[in-house]
Amino acid sequence: MDIKQLKQDVITYAHSIGIDSIGFTTADPFDELKQKLIDYHEKGYASGFEESDISLRTEPKLSLPTARSIIAIAVGYPNKLKGAPKSVKGDRRGMFARASWGQDYHTIMRNRLDKLAEYLKTRVPDIEVQSMVDTGVLSDRAVAERAGLGFAGRNGFVINPDLGTWTYLGEMLVSVPFEPDDPLMDSCGDCTICVDRCPTGALVGDGQLNSQKCISFLTQTKGYMKDEYRYKIGNRLYGCDTCQQVCPKNKGINTQHDDIVLEPEILKPRLVPLLKMSNKEFKNTYGHLAGAWRGKKPIQRNAILALAHFKETTAIPDLKDVALNDPRPMIRGTAYWAIGQILGEEATEFINEHYTSEIEEVQQEMIKGLEQES
């Protein structure tokens, strides 16, 4: 078998099925990453969404013992929403992060990786493969970096020369010893725009991210939003793109694919209708988005916070309805908080009227709603 020719054929085929960038690396352990992950957890930066077993994250052959190489792929996604509706007083809207635009990227990437795997099996019938996207145990970014797809920027994203940071990443462990590609050199230089513009100071500055401060992570949590971040999330319903939007390496880049269909009314939805949406309605409307993976509760909480951010007085009747009737304490409490923030002293009578009938955790939010300064 001519492995060098096979590699070229794989690259050609990959481009034909919508893979924008492809690279190859060995299946050797990621020793440097291992120490970084240890430090990351010791500093309390982890989100809790990652694989906790550091050995699995850094030793590819624990996932596929016969692995000789890793094929890394990147698919660019759009960052411009043509025909986006305006968010105006009386008709406020929220926003899903760009990585959640269109069909769930896990599906998009798996479809491409499955096609690539089938192609490899036609060329090497006894090949063994294992594909991973996001929820796999390996670090997509570490694999992509070592495979030469890009370099790690200060914002923690892999910066690809042609796609910028607007990429979905995935990888495939294979039992074929492909020649590895060379990593790219870091070219952030002295630029610190992403670090300087991060709304919560979540970027440490060396490419590391403190997930506990990151708005993208915070919008996905299910409990009460910490007080210090409630006005930081703005109208973000899921995720945050600030550190990508300000990156000079992303200037002029907007990759399009036929299977990433943009729906402006869904990606930038009205906030008030979200407040009382049923599970069925949420699943039917947003279930195909990656941003729906945590369910409707975080999205609804974030919608309430966004209305407080906008000081949207026209939403008060709906917020009062939620505060009085929603069965979930966290949602009721956040609604009471928002009412207090929007109306100020005018909310005192309403909150006092219902204070004694509420449980303690909601009462605490009622008090904070009247006291906390925006």
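The values are calculated or read from the model by the stated rules, or taken from the named source; none is laboratory data. No experiment lies behind these values; they were computed from the predicted model shown. Using ideal geometry, Cβ is built from the backbone for each residue, glycine included, and neighbour counts are taken over all protein chains shown.
Being in contact with a Lys or Arg (Cβ under 8 Å, 6 or more places away or on another chain) and at pLDDT 95 or above holds for only one residue in GLU349, GLU358, and it is GLU358.
In this structure, VAL124 does not satisfy being closer than 27 Å to ILE215 by Cα, of a type in the set (Val, Ile, Thr) and modelled with pLDDT of 95 or more. Selection of helices (runs of 4 or more DSSP H) fully inside the range 1-97 by the criterion of at least 1 residues being over 30 Å from LYS311 (Cα atoms) and in contact with a Phe, Trp or Tyr (Cβ under 6 Å, 6 or more places away or on another chain) returns 3-16, 54-58.
Within this structure, ASP162 passes the test of being in contact (Cβ under 8 Å) with a residue 60 or more places away in the chain, touching a Ser or Thr at 6+ places or on another chain (Cβ under 9 Å) and charged (D, E, K, R). State which residue is modelled with the lowest pLDDT when the search covers only the range 195-212 and only residues that are hydrophobic (A, V, I, L, M, F, W, C) and part of a loop (DSSP other than H, G, I, E, B). Checking each candidate, the answer is VAL204.
Selection of the range 225-270 for residues being within 18 Å of GLY102 (Cβ to Cβ), of a type in the set (S, T, N, Q) and part of a loop (DSSP other than H, G, I, E, B) yields ASN254, THR255, GLN256.
Cβ-Cβ contacts under 7 Å between residues 6 or more apart (or on different chains), taken from a first residue in the range 34-50 that is more than 21 Å from VAL133 (Cα to Cα) and at pLDDT 70 or above to a second residue that is of a type outside the set (Gly, Ala, Ser) and outside any helix (DSSP H, G or I), are listed as TYR40/GLN208; GLY44/GLN212.
So that you can scan it fast, the table gives a plain yes or no per residue for (1) buried (at least 16 other Cβ atoms within 10 Å of the Cβ); (2) in contact with a Pro (Cβ under 9 Å, 6 or more places away or on another chain):
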site: ALA67; (1), (2): yes, yes
site: VAL88; (1), (2): no, no
site: TRP101; (1), (2): yes, yes
site: LYS121; (1), (2): no, no
site: VAL129; (1), (2): yes, no
site: VAL133; (1), (2): yes, no
site: ASP140; (1), (2): yes, no
site: PHE151; (1), (2): yes, yes
site: VAL158; (1), (2): yes, no
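Of the candidates ILE108, ILE159, the single residue that is closer than 22 Å to GLY18 by Cα, modelled with pLDDT of 95 or more and touching a helix residue (DSSP H, G or I) at 6+ places or on another chain (Cβ under 7 Å) is ILE159.
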